[in-house]
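*Asks:* Questions regarding the structure given below will be posed in turn.
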Amino acid sequence: MPSTKTDARRKAKASDSLAAKHKQLEPYLQPNENQLTTAQGVVVADNHNSLKAGAGGPTLLEDFVLREKLTHFDHERIPERVVHARGAGAHGHFELYKSMSQYTRADFLQEAGGRTPVFVRFSTFAGERGSADTVRDLRGFAVKFYTREGNYDLVGASFPVFYVQDAMKLPDLVHALKPEPHHGMPQASSAHDSFWDFASLLPETTHALMWLMSGRALPRSLRMMEGFGVHSFRFINAHGAVHVVKFHWKPRLGRHALYADEARQIAGCDPDFHRRDLWEAIAQGQFPEWELGMQLVDENKAAALGVDLLDATKLLPEELVPVLPVGRLVLNRNPDNYFAETEQSAFHPGHLVPGIDFSSDPLLQGRLFAYSDAQVARLGGPNHHELPINRSLCPMHNFMRDGAHRMGIARGAVNYEPNSLGNGMEFRVDGGQHGFQPVPENFESPKTRRRSPGFDDHFSQATLFWNSQPPAERDEVVAAFQYELSRVESAAVRQRMVDNLAHVDLRLARKVAEPLGIGAPDPRAAAGQAGFRDSCGNATLESAPSLAADHAPTAASLAIATRKIAILVANGVEVGAMKVLQQALHEHGAVTRVIAAQLGVVTTSSGQQLTVDHPLSTMPSVMFDAVMVPGGAASTERLSRHGEAVRFVHEAYRHGKALCLIGESERLLRLPGSPAPGVVRGTNDPVGRLPMAQAFIAAIARHRHGPRPGLDGTPS
Ligand code: HDD
């Protein structure tokens, strides 16, 4: 462990660099707010009226104030990202637990306790900028580390695998996934013909499809979502030793998913669900955290693992190489301005620092070209690195000059090297001690457009994922395939897809096929030349507990801090037990909201007034993690006559959420069968209040409860 002194020095340095980052924005943040000026700084006399030839006359072309305002307005939008268009960002820092000098010489990974400022942008992959947050999709998890050696971008995703193996197929994937070109539909959804046509013809997509059809594609919150670097990268240490590294972000709150039905309803009710959740948590001081983990493999031993580490459709099971926790990411500041920061942030997997290098993964290699090209198109020129959000914290010095929107002012007559007119210095770096050095490698192969044989196995890891899921998650995966494929009009595409799935698991394929109006799956008819297991020596684990939807909950992931609990009330509500429970929930960091038929107040059984936070019509139960219905005969009577209130309770039950029904309110949930898991019942009797609170908190911490009896009779 470092001494307290070193620790303090480190922290001081870190806060210096955070302050420096903020300083860059100061001129924009602290204008004189008592007056308006033009872009040239001229004070505007009237911001309501254009200049006219007489009060009833035409507007004059010379009105430069109006012209400037309209011109700027006309250009307010920039092209959205071609993928990952919809995003939400936050500032924070990364703190290293222990030195990684054994593996890499990257400066920000040397000193235990060292902090590096970061900006993170989360995104959906398919949807346009104005689409909904909770759609079924892979999510981007892009982290910019502002290190002292330059910016390092880890441009990852919420799945550890990608759909295609070679960058050559990326444009086809995105064309197939995005709205169909003739009518521009559907938005932000893979449930359409062109996507499944493409996917079924390209079996290498199968593994990522399994993730897409699982709860991993429907995070409850960005704060409860894992991230992965996906590709293999390489670490090189001060002595030149090389390790293959795969990056993992593990959320401190654990990983939790929505049900598909909830996600669809939330998309309509609050399309900003995830970005609002992230913003509110940070604003309330509940800073989201992730642990950075690494799988490290000596480069010389990588081949022996039996998994092709250059194939981005394959993961390296934690059961083969454990994930080493190395540091934590804390997001503790919301952006000041969405456009200036989140929208203009520009990431690039090729933004590396010394000590980290790429691998020859052909998907990653293509990305190295695509990102800078995309930024030039999107941000209007080659100087986007000068935007405050993208600027590195360490000084820059080079002879790249000019271009659109140049902000830095280069001084002097010399803009070339070598020169004798400037300081005459020759900028070459010696044998590996300074500057960025790639891992030295020999390539003696002939040019070819082939992939390595290890890429040919498209199904083993899809099967591994399937085998690793608990029964409830398997049901979700089956239901998701059925939902998506039932929206595909072409029966031939539906058939081809289930034929492919037969290579993952025949029972899975049969189940998926049941309601689709097609024949039984036929593995012999599967698409593609390659992809048949056992052909290329990939390691075949039977199952991997680390991939299971309900893997290893921790104390932190079972905490209920920031969880949202609805308290459903009507006039006549008894609030004795409710107050005790509410206080206990708040002490655990949970958020409660009072819901009633309409806004304003309700009158309690003792004549007090209780403020209502939301009307039932705008806040269905899908917006909450749990529901409490306090007792009271009059209140229960009113709620049981209100269709939306009854639906509220039944829907929460159906979605496996924790329910606390106090006193008479249990009448709202009349279901046959035994007591359902996660449904806490109690009375207003003071003796039972604390145990009831504890039971409810424990039930919320479990996130979901199932299977529950009587589901067929519940409305959804
Ligand atoms: Fe990509 C954006 C992640 C493959 C081309 N990608 C983008 C973003 C993320 C990823 C997180 C959004 C960054 C932000 O928030 O601004 N991309 C991935 C992952 C991939 C991947 C994890 C596979 C492992 N991407 C990939 C390939 C290509 C691209 C193979 C092209 C050959 N990606 C782009 C892009 C984007 C982009 C077109 C759109 C806007 C941008 O870059 O800045 O260049």
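The values are calculated or read from the model by the stated rules, or taken from the named source; none is laboratory data. Since we're looking at a predicted model, the values are computed, not measured. Using ideal geometry, Cβ is built from the backbone for each residue, glycine included, and neighbour counts are taken over all protein chains shown. Quick note on the areas: whole protein, heavy atoms, side chains included, nothing else; ligands and nucleic acids left out. Shrake-Rupley method; radii C 1.70, N 1.55, O 1.52, S 1.80 Å.
So that you can scan it fast, the table gives a plain yes or no per residue for (1) exposed (fewer than 15 other Cβ atoms within 10 Å of the Cβ); (2) under 27 Å from I282 (Cβ atoms):
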{"position": "V573", "(1), (2)": "no, no"}
{"position": "A584", "(1), (2)": "no, yes"}
{"position": "E587", "(1), (2)": "yes, yes"}
{"position": "V591", "(1), (2)": "no, yes"}
{"position": "V594", "(1), (2)": "no, yes"}
{"position": "V601", "(1), (2)": "yes, no"}
{"position": "G607", "(1), (2)": "yes, no"}
{"position": "L610", "(1), (2)": "no, no"}
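*Asks:* All but one of (1) more than 13 Å from the ligand (Cβ to nearest atom); (2) within 16 Å of R367 (Cβ to Cβ); (3) polar (S, T, N, Q) hold for N237; state the number of the condition that does not hold.
*Replies:* (2)
*Asks:* Moving to a separate point now. Looking at the range 386-403, is at least one residue crowded, with 21+ Cβ neighbours inside 10 Å and within 12 Å of the ligand (Cβ to nearest atom)?
*Replies:* Among the residues of the range 386-403, at least one is crowded, with 21+ Cβ neighbours inside 10 Å and within 12 Å of the ligand (Cβ to nearest atom), which makes the answer yes.
*Asks:* Please state which of the following conditions H503 fails to meet, knowing it meets all the rest: (1) at pLDDT 95 or above; (2) open to solvent by less than 40 Å² (accessible area, probe 1.4 Å).
*Replies:* Of the numbered conditions (1) at pLDDT 95 or above; (2) open to solvent by less than 40 Å² (accessible area, probe 1.4 Å), the odd one out for H503 is (1).
*Asks:* Suppose we keep only residues that are of a type in the set (S, T, N, Q), within 12 Å of the ligand (Cβ to nearest atom) and free of Cβ contacts under 8 Å to residues at least 40 places away in the same chain within the range 362-385. Which one would you say is least open to solvent (accessible area, probe 1.4 Å)?
*Replies:* Q375
*Asks:* Given (1) in contact (Cβ under 8 Å) with a residue 40 or more places away in the chain; (2) open to solvent by less than 10 Å² (accessible area, probe 1.4 Å); (3) closer than 29 Å to A260 by Cα, where does G631 come up short, assuming only one miss?
*Replies:* (3)
*Asks:* Residues to consider are P79, P160; find the one that is in contact (Cβ under 8 Å) with a residue 40 or more places away in the chain, within 14 Å of the ligand (Cβ to nearest atom) and either among the acidic types (D, E) or surrounded by fewer than 21 Cβ atoms within 10 Å (Cβ to Cβ) (or both).
*Replies:* So the residue among P79, P160 that is in contact (Cβ under 8 Å) with a residue 40 or more places away in the chain, within 14 Å of the ligand (Cβ to nearest atom) and either among the acidic types (D, E) or surrounded by fewer than 21 Cβ atoms within 10 Å (Cβ to Cβ) (or both) is P79.
*Asks:* Still on this structure, please answer the following. Which residues, counting only those in the range 323-349, are near the ligand (Cβ under 10 Å from one of its atoms) and either on the phi > 0 side of the Ramachandran plot or open to solvent by less than 10 Å² (accessible area, probe 1.4 Å) (or both)?
*Replies:* T342, E343, S345, A346, P349 - these are the residues of the range 323-349 that are near the ligand (Cβ under 10 Å from one of its atoms) and either on the phi > 0 side of the Ramachandran plot or open to solvent by less than 10 Å² (accessible area, probe 1.4 Å) (or both).
*Asks:* A further question on this structure: Let me spell it out: the conditions are (1) open to solvent by 10 Å² or more (accessible area, probe 1.4 Å); (2) of a type in the set (A, V, I, L, M, F, W, C); (3) in contact with a helix residue (DSSP H, G or I) (Cβ under 7 Å, 6 or more places away or on another chain), and M185 meets all of them except one. Which number is the exception?
*Replies:* With respect to (1) open to solvent by 10 Å² or more (accessible area, probe 1.4 Å); (2) of a type in the set (A, V, I, L, M, F, W, C); (3) in contact with a helix residue (DSSP H, G or I) (Cβ under 7 Å, 6 or more places away or on another chain), M185 is out only on (3).
*Asks:* Can you tell me which residues in the range 641-672 are in a loop (DSSP other than H, G, I, E, B) and touching a residue at least 40 places away in the same chain (Cβ under 8 Å)?
*Replies:* Those that are in a loop (DSSP other than H, G, I, E, B) and touching a residue at least 40 places away in the same chain (Cβ under 8 Å): H642, H655, G656, K657, L671, P672.
*Asks:* Right, another one. Can you pull out the residues in the range 350-361 that are buried (at least 22 other Cβ atoms within 10 Å of the Cβ) and within 22 Å of V174 (Cα to Cα)?
*Replies:* Scanning the range 350-361 gives a single hit, D361.
*Asks:* Out of (1) within 30 Å of R450 (Cα to Cα); (2) more than 10 Å from the ligand (Cβ to nearest atom); (3) not in a helix (DSSP H, G or I), what's the single condition that is false for N300?
*Replies:* Failed condition: (3).
*Asks:* Exactly one of (1) within 29 Å of E318 (Cα to Cα); (2) at pLDDT below 95 is unmet by F443. Its number?
*Replies:* Checking F443 against (1) within 29 Å of E318 (Cα to Cα); (2) at pLDDT below 95, the one that fails is (1).
*Asks:* In the range 108-129, how many are within 16 Å of the ligand (Cβ to nearest atom) and open to solvent by 20 Å² or more (accessible area, probe 1.4 Å)?
*Replies:* So the count comes out to 2.
*Asks:* Okay, moving on. For S445, are the conditions met, namely being under 30 Å from F233 (Cβ atoms), assigned to a loop (DSSP other than H, G, I, E, B) and either in contact with a strand residue (DSSP E or B) (Cβ under 6 Å, 6 or more places away or on another chain) or open to solvent by less than 40 Å² (accessible area, probe 1.4 Å) (or both)?
*Replies:* No; evaluated as a whole, the condition is false for this residue.
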